[in-house]
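S.K.: Quick one: the structure is below, and I'll ask about it shortly.
The values are calculated or read from the model by the stated rules, or taken from the named source; none is laboratory data. In this text the structure is predicted, and so the values were computed from the model without any measurement. Quick reminder, even Gly has a Cβ in these numbers, built from the backbone with ideal geometry, and neighbours come from all protein chains shown. Keep in mind that these areas ignore ligands, DNA and RNA; they rest on the heavy atoms of the full protein, side chains included. Shrake-Rupley method; radii C 1.70, N 1.55, O 1.52, S 1.80 Å.
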Protein chains: 4
Amino acid sequence: MEVTSPPSADAIDRLRAIGREFHGRGWSLGTSSNYSVVVSRDPLELLITVSGKDKSALGRDDFVRVNAHGVPCDGSGRKSSAETLLHCLIADLVPSLGGAPVGAVLHTHSVWGTILSAADLPRGSLRIAGYEMLKGLDGIGTHDTFEEVPIFANAQDMQELAARIRARFLAADWSDPKRPPFHGFLLSRHGLYTWGRDLAEARRHIEIFEFLFECVARSRMLPGAVTAGPSRGQQQHQQQQ
Amino acid sequence: MEVTSPPSADAIDRLRAIGREFHGRGWSLGTSSNYSVVVSRDPLELLITVSGKDKSALGRDDFVRVNAHGVPCDGSGRKSSAETLLHCLIADLVPSLGGAPVGAVLHTHSVWGTILSAADLPRGSLRIAGYEMLKGLDGIGTHDTFEEVPIFANAQDMQELAARIRARFLAADWSDPKRPPFHGFLLSRHGLYTWGRDLAEARRHIEIFEFLFECVARSRMLPGAVTAGPSRGQQQHQQQQ
Amino acid sequence: MEVTSPPSADAIDRLRAIGREFHGRGWSLGTSSNYSVVVSRDPLELLITVSGKDKSALGRDDFVRVNAHGVPCDGSGRKSSAETLLHCLIADLVPSLGGAPVGAVLHTHSVWGTILSAADLPRGSLRIAGYEMLKGLDGIGTHDTFEEVPIFANAQDMQELAARIRARFLAADWSDPKRPPFHGFLLSRHGLYTWGRDLAEARRHIEIFEFLFECVARSRMLPGAVTAGPSRGQQQHQQQQ
Amino acid sequence: MEVTSPPSADAIDRLRAIGREFHGRGWSLGTSSNYSVVVSRDPLELLITVSGKDKSALGRDDFVRVNAHGVPCDGSGRKSSAETLLHCLIADLVPSLGGAPVGAVLHTHSVWGTILSAADLPRGSLRIAGYEMLKGLDGIGTHDTFEEVPIFANAQDMQELAARIRARFLAADWSDPKRPPFHGFLLSRHGLYTWGRDLAEARRHIEIFEFLFECVARSRMLPGAVTAGPSRGQQQHQQQQ
């Protein structure tokens, strides 16, 4: 199924606006970050940012259409982001496992996500527990819960990294259709991937995660703060050694 | 007493501006926060944000009129914020206890408020003492005082939460008409409620509290800082254990 | 000597711009801060912000002319800021002691200034040593120096506070005309006063001090950081007790 | 080779935009910072900011052309930045050692760079290791590397400082044309120098370094964080003494 030109043009403008906003908020500096929207479901095709662009000034031509294998399929000759395969993996895998449909995937590099992903890599995940703001993640209806954000060691070999992510996703319990086990994941010292039914939901997930990352990190910096997750216990253990 | 349409339209535009501002300042991210203004006093009616909206882009229709019980009364069929009952409680209870009239109620979710509300929940309140900026709270005329901000454990059951808040308000001494015991309260890992005679005063209270939360939290992070309230002593005690 | 109306109108607009800028940068929240410019030197008269205004939205009428004793002298009936006397003191005293002429006085309330003024009040001053940015203060030509910013316990009695400030200024050595001993002072848990030959210089001093306050505070928070001033040693001493 | 007037006019406007942006981001406050672009290669000539200007409001005349020795050569009579010699050194030395061509040099003063340059001066450099964002530095293609940013003790004698920088650059191994040993350096308690083939690359390097400085500094502040470089070990050693 082909999508017509106008929706893509609109998607491009909305992704450009995301780039301007996220650069301004410090989440997409340098040439970091990549963003995609699903423009065709069967066969799967994504419109994704071209590799190495300044996200504060994305042009209309800084996007390329790729197929389910991350291969450009629009004849433009443009090179998609190095991490295209992760976008394809998410868009393909999450709905097939019972998660909500994926219409957009966003990847950002924030300071808070970067430092927490380094600090908690030994645990394998970042636990975010007990915050009202968790209700901003799709399907979560109470603060009395937690989000366990997987952290993967960073890699430049996308096939190898994608295989690790796939294995972790497959091992999770997706039986609750309203509460998928993951709303995003972190690459260590790198950044956050999240997604949503559409670009607005994916953008909200970025905003929610970034707020929560800042809360978790600053809470750890606050003397005497009582934190809910096991990560605090671990860090106190490390401090006392 | 019915209010006429133009005041409501104006109130809506001012609340939309609050949403844009507070989102930009990081106090109303995701779909968090809710805002209301009292549009009728007898019977009590509030105009309040509709549930689950992005506060950076509130539309003219993202508001609903509710009665003193938090039930929509404008026939629009819109669903008001889940926390509507807390707005009604404040607007009803504070003036009846001897506090100033309440014309607006604002609820925000900031990082600093969130982490302090978690850290000091065991104390039951956050003490803010000795700051000149306290004079920005209605009725306070000197820095040589303190504000004891109640912290309530978060809940999704608004009836239960409202009952706890009501009990705490009723137990306080409201005998000084110029200096009510509370200008706001925190829900743990959630956010701040404050109010004012009108929207401008409520907005100023948010600004004052957010500044003071940041001062209190950063002071605790500063090695060797001498803080005025008992919370510092408590935290040092915890650190030494 | 009377100044003509146009300069005042221009000064008002520049002070309003300062208010918008400083509010946006978090230095003049709530109804905090006050700003003045000297509009007549002999006799001394200042144009100063009216008490209790939101600095993000100063109107043309939110200013009042006061004489050397801080008494309004423009017949407007407007009430000047509670701290008017401190502005008059600075504008009168600094040049008479051998400092540069004072054309503008700015008072701001930042988070960093507030928490440092509380932490270092026991020392009586905040030492800022070794920073290149010190060269932005009038008359300082090298990083290899220090600024000792006096800290005064906050007070609501302006006569009493002014007397303490005057005594400290009189006790200092003003013999180097290019390097006055003070470019500003802090009121504890309150904020910063600084001044300049004109509004641009006073604004630059605010910007320099705020940058340096943030550097000093964050340096103390950085584990293992070596700081130049005695305040670090003091804080380590306190930590080890 | 003379460059024609229009490119200079364009360069001036782009440098003025850099000033507005960097001031807004807190990297060029007061009269700090200086920026240059190479306008002629043979003989070497730079267009550089005039000394002591507010970078948020650079005018068309706030630039001066200097030769390879940092001497003004445009007959304007304008005084170039005190640190002009460092710009000339970089533009001359880096390409001659095997680094990429230098088309622009940017110098900024951020809080994070300032405090890290003070903390790690005893080590002589700041190590930034393992971050994906390192790939934003020219020639770096993997996160699994490190950037060792030299830190020089600050000085007001530019000849002496330039000699120290030159010696350090000459002592480094520049044999990998795609991965020069330095993309920038820090002056202690002062700021960052970086460069690029053109202004866009130099601006990107500033943005990358600033992000990484903030990550490194905040990581150190995070209890229990595991950092990759040796600086963490050093700081823990210092803390335990």
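S.K.: Total Å² of accessible surface buried at the B-A contact, 1.4 Å probe, nearest 100?
M.R.: Values: alone 10930 and 10930 Å², together 19510 Å².
Result for this pair: about 2300 Å² buried.
S.K.: OK, next. Which whole-Hz ³J(HN,Hα) couplings does the range D:108-117 yield from phi under the Karplus relation 6.51 cos²θ - 1.76 cosθ + 1.60, θ = phi - 60°, glycine and proline marked x?
M.R.: 10, 10, 9, 4, 5, x, 5, 6, 5, 5
S.K.: While we're looking at this one, here's another question. Can you compute the equivalent ellipsoid semi-axes for the protein assembly as shown, i.e. the square root of 5 times each eigenvalue of the Cα gyration tensor, sorted largest first and rounded to whole Å? Write down the numbers at each step before the final one.
M.R.: Values: eigenvalues 339, 339, 149 Å².
Those come to 41, 41, 27 Å.
S.K.: In addition: Counting DSSP beta bridges in the protein assembly as shown, what percent are antiparallel, to the nearest 5? Numbers along the way, then the final one.
M.R.: Values: 120 of 128 bridges.
Around 95 percent antiparallel, to the nearest 5.
S.K.: Hey, what angle do you get for helix B:158-171 against the long axis of chain B, alpha-carbon based, 0 to 90 degrees rounded to 10?
M.R.: Relative to chain B, helix B:158-171 is tipped by roughly 60 degrees.
S.K.: Okay, moving on. Which residues' amide hydrogens lie under 5 Å from the amide hydrogen of A:Asp54, considering only partners 5 or more residues apart or on another chain, with H built in the peptide plane?
M.R.: The answer is none.
S.K.: What are the semi-axes of the equivalent ellipsoid of the range C:78-135, taken as the square roots of 5 times the eigenvalues of the Cα gyration tensor, listed largest first and rounded to whole Å?
M.R.: On the way: eigenvalues 117, 68, 28 Å².
Semi-axes from the Cα gyration tensor: 24, 18, 12 Å.
S.K.: Nearest 10 degrees, 0 to 90: what angle lies between the long axis of helix A:230-240 and the longest principal axis of chain A (Cα atoms)?
M.R.: With rounding to tens, the tilt is 60 degrees.
S.K.: For peptide C:110-121, how many partner chain Cβ atoms fall within 10 Å of a residue's Cβ, on average? Show your work: numbers first, answer last.
M.R.: Working: counts 3, 10, 5, 1, 9, 11, 4, 1, 9, 7, 3, 1.
Other-chain Cβ atoms within 10 Å of each residue's Cβ, averaged: 5.
S.K.: Now for a different question. Which links in B:Lys55/B:Lys135; C:Lys135/D:Lys53; A:Lys53/B:Lys55; A:Lys79/D:Lys178; A:Lys55/D:Lys55; B:Lys55/B:Lys79 stretch past 19 Å when you go from one Cα to the other? Could you put the intermediate results ahead of the total?
M.R.: Numbers: B:Lys55/B:Lys135 29 Å; C:Lys135/D:Lys53 13 Å; A:Lys53/B:Lys55 30 Å; A:Lys79/D:Lys178 21 Å; A:Lys55/D:Lys55 24 Å; B:Lys55/B:Lys79 16 Å.
Cα-Cα > 19 Å for B:Lys55/B:Lys135; A:Lys53/B:Lys55; A:Lys79/D:Lys178; A:Lys55/D:Lys55; rest within.
S.K.: Using the Karplus curve 6.51 cos²θ - 1.76 cosθ + 1.60 with θ = phi - 60°, what ³J(HN,Hα) values do you get for each residue of the range A:187-204, in whole Hz, with x for Gly and Pro?
M.R.: Going residue by residue, I get 9, 5, 6, 9, x, 10, 10, 9, 8, x, 4, 8, 5, 4, 5, 5, 4, 5 Hz, with x marking Gly and Pro.
S.K.: If you don't mind, there's one more thing I want to ask. In Å, what Rg and Dmax follow from the Cα atoms of the range D:175-219?
M.R.: Values for the range D:175-219 (Cα only, Rg and Dmax): 11.7, 34 Å.
S.K.: Which order do the peptides D:101-112, B:213-224, D:15-26 come out in when sorted by mean C-beta neighbours inside 10 angstrom, highest first?
M.R.: Numbers: D:101-112: 24.7, B:213-224: 21.7, D:15-26: 18.8.
Packing order, densest peptide first, comes out as D:101-112, B:213-224, D:15-26.
S.K.: Specify the angular offset, from 0 to 90 degrees and rounded to the nearest 10, of the alpha carbon long axis of helix C:5-24 from the longest principal axis of the alpha carbons in chain C.
M.R.: 40
S.K.: Just the projected area, averaged over all directions, of the convex hull on the alpha carbon atoms of chain C: how many nm²? Working shown, then result.
M.R.: On the way: hull surface 52.1 nm².
Mean projected area for chain C: 13.0 nm², to one decimal.
S.K.: Amide H to amide H, which residues 5 or more places from D:Arg189 or on other chains are under 5 Å from it, using H placed in the peptide plane?
M.R.: Residues meeting the criterion, in which the H sits 1.01 Å from N, are D:Ser117, D:Ala118.
S.K.: Okay, next question. Out of all DSSP beta bridges with both ends in the range A:70-216, state the antiparallel percent to the nearest 5. Present the calculation step by step, with values, prior to reporting the outcome.
M.R.: Details: 14 of 16 bridges.
Bridges in the range A:70-216 that DSSP calls antiparallel: roughly 90 percent.
S.K.: Give me a comma-separated list of calculated 3J(HN,Hα) values for the range B:44-54, in order, Karplus coefficients 6.51, -1.76, 1.60 applied at θ = phi - 60°, integers in Hz, x for any Gly or Pro.
M.R.: Working through the residues one at a time gives 5, 9, 10, 9, 9, 5, 6, 4, x, 8, 6 Hz.
S.K.: Hey, got the average number of other protein chain Cβ atoms within 10 angstrom for residues in D:131-143?
M.R.: On the way: counts 8, 14, 10, 2, 7, 6, 1, 0, 0, 0, 2, 3, 8.
Partner-chain Cβ atoms within 10 Å, mean over residues of D:131-143: 5.
S.K.: Would you calculate, for the protein assembly as shown, the mean residue ellipticity at 222 nm contributed by helices, counting each DSSP H stretch of 4 or more residues as -39,500 (n - 2.57) and dividing by all residues, to the nearest 500?
M.R.: Calculated at 222 nm, the ellipticity per residue is -12500 deg cm²/dmol.
S.K.: Once you put a point 7 Å from the Cα of D:Arg197 and another 7 Å from the Cα of A:Ala200, both along the Cβ direction, what distance in nm separates them?
M.R.: Going from the D:Arg197 label point to the A:Ala200 one covers 4.2 nm.
S.K.: Then there is this: Label-to-label distances across copies for C:Gly59, with labels 7 Å out along Cα→Cβ, in nm, shortest first?
M.R.: Inter-copy label distances (nm, one decimal, shortest first): 3.5, 3.5, 5.0.
S.K.: To continue, here is another question. With only Lys, Arg, Asp and Glu charged, each at its Cβ (+1 for the first two, -1 for the last two), find how big the charge dipole of chain D is about the Cα centre; round to the nearest 20 debye. Display every interim value, and only then the final one.
M.R.: Numbers: 26 positive and 27 negative charges, 102 e Å.
My answer is approximately 500 debye.
S.K.: Hey, another quick one. Return P(r) of the range D:99-178 (all Cα-Cα pairs; 10 Å bins starting at 0; whole %; ordered from short to long distances).
M.R.: For the range D:99-178, the binned pair fractions read 14, 41, 40, 5 percent.
S.K.: So, one more: Could you give the spread of the C-alpha atoms of the range D:30-154 along their three principal axes, from largest to smallest, in whole angstroms?
M.R.: Largest to smallest, the principal-axis extents are 49, 33, 25 Å.
S.K.: Would you mind putting A:150-163, D:143-156 in packing order, based on average other-beta-carbon counts within 10 Å, highest first? Intermediate results must be reported in sequence, preceding the final value.
M.R.: Working: A:150-163: 16.0, D:143-156: 18.5.
Per-residue mean Cβ counts within 10 Å order the peptides as D:143-156, A:150-163.
S.K.: Here's another thing I want to ask about it. With +1 on each Lys and Arg Cβ and -1 on each Asp and Glu Cβ, and nothing else charged, work out how big the dipole of the protein assembly as shown is about its Cα centre, in Debye to the nearest 20. Could the numbers behind the result be given before it?
M.R.: Details: 104 positive and 108 negative charges, 239 e Å.
Using only the charged Cβ atoms, the result is roughly 1140 debye.
S.K.: Could you work out how far apart the two model spin labels at B:Arg25 and C:Phe146 are, taking each label as a point 7 Å from the Cα in the direction of the beta carbon, and quote it in nm?
M.R.: It is 3.7 nm.
S.K.: Taking H as built 1.01 Å from N, whose amide H comes closer than 5 Å to the amide H of A:Trp195, not counting residues under 5 places away?
M.R.: Sorted by chain and number, the residues that satisfy this are A:Leu106.
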